[in-house]
1. Extension gain Gln64-Thr201, at 0.36 nm per residue separation less the Cα-Cα distance, in nm?
2. Order 104-111, 66-73 from most to least packed using the mean count of other Cβ atoms within 10 Å.
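What follows draws every value from the coordinates through simple rules; no lab data is involved. All values derive from a computational prediction rather than experimental measurement. Note: ideal-geometry Cβ built from the backbone for every residue, glycine included; neighbour counts use all protein chains shown.
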Amino acid sequence: QWWAACGSVERALATMSASKFNQKASKHAARYVVTVLILIIISTMIQDPIHRRLLEENDDNVDQKRIWCIVQYSNTVQRYNSAILMVHVIAPVIINLIATLIIIVKTTQQQRRAHRKQSQTYGEVLRGQIRQLRHLLMAPVVFIILAIPRLVISFTSGCMKLGGAARVFLIGYLISFVPSMFTFLVFVYPSKNYKQIFQKTIRQHRQTALALFNRIA
């Protein structure tokens, strides 16, 4: 989610800079941003592995010993953990939305200047850009909706018995990772430009593979 937010910020900067956008400098900065982002995420979530414990449970009914991995927080650490979880879920969504609004406003201004002689008003151009870039607005909304089960589970304390309840909680937790697994469907497929670039890349790789195969044959 943070990397998706960084991608949205880069798109917003590219839109604001237009022809002045330096792609090489952006790639160079991305290496540092990704490194710093990984370090920040690890440092803010380090309390989880530190407070994990192994618990042995003897089941006399089936003569079996189970080993559970549980996490135990103090009240202070629990409040900190809850706040950090909220930040990691909500902050990327807010950044995505702000970056998307910047993209829509800037592209509207650019389209308005490019077609100044036409009779379209600013509102009409803005509505057209919203329809064209609606996939950018949909992605953050999908992220926050699918992240709700993980937030609910994170704020729910206590143990549960094995059975249907455990499966429901597990399914709800895994649903929040659907956007990360379907990046293509969320970002690439709804966008006409991204889809054209994807198809062009596939054709180039196919031609390269075919040429290599012909050379070997």
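1. Details: separation 137, 0.36 × 137 = 49.32 nm, distance 5.49 nm.
Here the segment from Gln64 to Thr201 would lengthen by 43.8 nm.
2. 104-111, 66-73
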